[in-house]
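Down below is the structure, laid out as structure tokens.
The values are calculated or read from the model by the stated rules, or taken from the named source; none is laboratory data. Because the structure is a prediction, the values reported are computed rather than measured. Note that we place each Cβ from the backbone using ideal geometry, even for glycine, and neighbour counts take in every protein chain shown. For accessibility, only protein heavy atoms count, side chains too; no ligands or nucleic acids. Shrake-Rupley method; radii C 1.70, N 1.55, O 1.52, S 1.80 Å.
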Amino acid sequence: MAKVEKLTGVQKAAILFITLGPEASSGIIKRLPEKDIQKVTYEIANMSSVSSQQRKFILDEFLEMNKAKDYILEGGIEYARNLLSKALGTQRASEILERVTEATQQYRPFSIARKADATQLMNVIRNEHPQTIALILCYLQPDKAGQIMSELPPELQAEVAYRIATMNTIYPVVIKEIEGVLNDKLSNIIHNSESTIVGGVPSLVNILNQVDRSTEKNITEALDHEDSELAEKVKESMFVFEDIITLGDPVIQRILREVDNKELCLALKGCSEEVANAIFKNQSKRAAATLKEDMEFLGPVRLVEVEKAQQKVVAIIRRLEDAGEIQIARGGEDAIIL
């Protein structure tokens with residue numbers, strides 16, 4: 001087997017599938033174009049051995065590439081470069097981004113829309129069909145999509161939000177048709193060779209986290225009227241237990257006054273050290289010491305019990321915000337206690 005640096009993309013894919021195992025790989029391989037399936041399966045069949053070092057290198061590279069893509073989708077190239085540089089170093093980050101951008105720039109729909117000014121883009125799409133607006137917002141940076149969503153009329157906000165949350169697989173012909181609508185105004189049509197999964201609850205949550213409170217409330221209330229189960233999924237995803245680290249100390253102290261100590265003890269069993277420290281530092285030394293002792297005494301617990309306790313804490317946070325006692329950060333603002 002050649003050195004990892006000299007492997008072709010198909011050979012790397014073959015090693016990745018071998019590493020992932022047959023169950024996970026089969027679900028991925030069957031989604032590839034027929035010609036790619038033939039190439040990958042040929043390489044798999046002709047690999048006599050794969051070293052543990054090669055497997056680790058390929059898997060790490062795969063994870064890094066996907067992380068880079070996620071960062072680019074979240075905030076653009078510079079945002080991704082900044083985060084990757086902190087984690088992997090400047091040189092490694094540049095290498096990964098170069099490969100990712102080479103692969104994605106050819107196929108990324110609405111790339112000019114991501115570069116366009118939000119106000120200009122709003123003027124272009126505001127009179128389009130809600131489904132068209134929903135698809136375009138899914139491809140934008142969350143902050144830009146949130147700005148546009150905030151400027152839409154309230155009744156259109158709800159309609160677009162519902163379509164984003166329930167959107168799933170979009171086929172090339174649909175993307176091409178919508179890009180055709182923007183062709184004259186944005187001067188760019190990007191052809192995509194395969195179906196793309198966009199939208200869904202995560203996309204809507206990313207957008208709602210960037211809009212003002214009144215916009216968010218209007219949308220969630222409308223969703224609740226349209227589909228209460230979907231609305232609950234959106235609400236549960238908008239602020240998760242780990243997001244406590246984004247709150248200021250006064251806000252955390254206010255929240256802790258409402259949380260039962262047993263529930264808090266259980267909730268902290270499944271959290272990161274960073275989250276736990278954010279809680280401990282906002283307690284008295286005695287209370288923090290007691291909480292740590294209770295956590296140790298608790299011993300192993302089921303994940304479902306931990307998640308249930310964390311959801312109860314999040315429910316308290318949401319209740320305090322709804323009551324106007326605290327305000328959760330949105331669109332880059334700081335969380336404050338009212």
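In the range 197-215, the count of residues that are polar (S, T, N, Q), touching a Lys or Arg at 6+ places or on another chain (Cβ under 9 Å), closer than 23 Å to Glu321 by Cβ and modelled with pLDDT under 85 is one or more.
Where residues in the range 70-82 are of a type outside the set (Gly, Ala, Ser) and modelled with pLDDT under 75, which of them is most open to solvent (accessible area, probe 1.4 Å)? My answer is Glu78. A Cβ distance below 7 Å, combined with a sequence gap of six or more or placement on separate chains, defines the contacts here; from the range 121-145, residues that are without any contact (Cβ under 8 Å) to a residue 60 or more places away in the chain and in a helix (DSSP H, G or I) reach residues that are of a type in the set (D, E, K, R) and surrounded by fewer than 17 Cβ atoms within 10 Å (Cβ to Cβ) in the pairs Met122/Glu151.
Every condition in (1) modelled with pLDDT of 85 or more; (2) assigned to a helix (DSSP H, G or I) holds for Gln283 except the one numbered (2).
Matching residues to (1) open to solvent by less than 70 Å² (accessible area, probe 1.4 Å); (2) touching a residue at least 40 places away in the same chain (Cβ under 8 Å); (3) farther than 17 Å from Val314 by Cβ:
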site	(1), (2), (3)
Glu226	no, yes, yes
Glu229	no, no, yes
Arg286	no, no, yes
Gly299	yes, no, yes
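I'd like to know if the range 258-269 contains one or more residues that are outside the structural domain of Tyr162 (by the TED database), open to solvent by 60 Å² or more (accessible area, probe 1.4 Å), more than 28 Å from the chain's Cα centre (by Cα) and touching a residue at least 60 places away in the same chain (Cβ under 8 Å). So far as the range 258-269 goes, yes, one or more of its residues are outside the structural domain of Tyr162 (by the TED database), open to solvent by 60 Å² or more (accessible area, probe 1.4 Å), more than 28 Å from the chain's Cα centre (by Cα) and touching a residue at least 60 places away in the same chain (Cβ under 8 Å). Could you say whether any residue in the range 46-69 is farther than 17 Å from Leu97 by Cα and either in the same structural domain as Asp143 (by the TED database) or modelled with pLDDT under 70 (or both)? Yes: one or more hits. Scanning the range 144-156 for residues that are open to solvent by 10 Å² or more (accessible area, probe 1.4 Å) and either among the polar types (S, T, N, Q) or in contact with a helix residue (DSSP H, G or I) (Cβ under 6 Å, 6 or more places away or on another chain) (or both) yields Lys144, Gln147, Ser150, Glu151, Pro154.
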